[in-house]
Amino acid sequence: MFPPFFRSDTIPLFPFVISFARVRVPKMVMSEQTIRSIIGVLGNVISCGLFLSPLPTFVKIIKKGTVEQFSPIPYLATALNCMLWIFYGLPFVHPNSLLVITINGIGLAFESVYLTIFLIYSNAQGRLKVVKVLAAEIAFVAVVVVVVLLVAHTYEKRTLIVGILCIIFGTCMYAAPLSVMKLVVQTKSVKYMPFNLSLASFLNGVCWTTYAFLPFDINILIPNGLGTLLALSQLILYACYYKATPRPEPKSDIELHQDI
């Protein structure tokens with residue numbers, strides 16, 4: 001006599017076991033687009049930190065009532081870079097680039113505030129320099145927008161033209177602190193090279209370099225890859241000259257009394 005599970009009037013057990021064994025648990029694999037979005041959001045957060053990092057410097061400028069030897073060049077370069085990337089990210093130039101538009105829009109707002117502070121606290125010569133460069137940048141971007149829209153009639157051509165400009169000026173933005181690095185070597189002091197700005201630039205470059213591989217976008221990769229290396233060199237320079245930087249002497253009791 002057959003065992004019960006071989007009888008025709010019972011529920012077959014083996015087919016059930018076999019069919020259950022074939023059930024697969026779905027793998028939790030994120031798509032490339034999802035990973036790209038996550039890194040893009042992280043890049044936005046870090047970039048906000050980059051744009052906020054000069055705040056202590058400008059607080060000092062406001063308190064002292066002068067820009068001293070702080071250079072407006074990095075902020076002018078960043079403003080131009082942001083304007084070009086906003087244009088690059090527009091739907092009729094390079095579709096699906098909302099995160100590029102948002103962070104560069106925020107960045108442009110911050111740079112406008114910083115440059116306004118430079119205009120207020122610079123001498124007449126420094127103020128004129130900032131106005132001239134800023135006016136030239138706005139005129140240049142306006143010409144780029146008009147020419148691209150009139151000459152290039154496909155996404156590919158517009159992306160190519162604006163992308164090349166973004167590579168050039170994105171690299172210039174990261175290279176702008178080279179003049180400050182030269183000053184650090186000459187004075188053996190990191191006073192005019194804020195650590196927060198250098199660190200934020202490095203983290204920002206790493207994040208957007210990673211973003212450029214998902215999918216591969218050479219226009220984002222080149223400036224941010226070079227920017228990462230330049231920011232790293234600033235951090236190394238900071239480590240070399242930090243101890244050699246003169247510290248402000250504490251005020252005497254008489255000076256404190258006079259301040260009160």
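The values are calculated or read from the model by the stated rules, or taken from the named source; none is laboratory data. On a predicted model such as this, the values are computed, not experimentally measured, just so you know. A quick note on method: Cβ atoms are made from the backbone with ideal geometry, for glycine too, and the neighbour counts reach across all protein chains shown.
List the pairs whose first member sits in segment 161-188 and is on the phi > 0 side of the Ramachandran plot, whose second member is in a helix (DSSP H, G or I), and whose Cβ atoms are under 8 Å apart, counting only residues at least 6 apart or on separate chains?
K188/Y241
Filtering segment 68-102 down to residues that are aliphatic (A, V, I, L, M) and modelled with pLDDT under 90, which residue is nearest to L119 (Cα to Cα)?
The extreme case among them is I73.
Would you check if there is a residue in segment 157-166 being among the polar types (S, T, N, Q), surrounded by 15 or more Cβ atoms within 10 Å (Cβ to Cβ) and under 14 Å from the mean Cα position of the chain (by Cα)?
no
Scanning segment 174-224 for residues that are outside any helix (DSSP H, G or I) and closer than 14 Å to W85 by Cβ, which turns out modelled with the highest pLDDT?
Among them, the one singled out is A212.
Quick one: is T171 modelled with pLDDT of 90 or more, closer than 24 Å to N219 by Cβ and surrounded by 13 or more Cβ atoms within 10 Å (Cβ to Cβ)?
The answer is no for T171.
Can you pull out every residue in segment 73-98 that is touching a residue at least 40 places away in the same chain (Cβ under 8 Å) and surrounded by fewer than 20 Cβ atoms within 10 Å (Cβ to Cβ)?
I73, F92, P95
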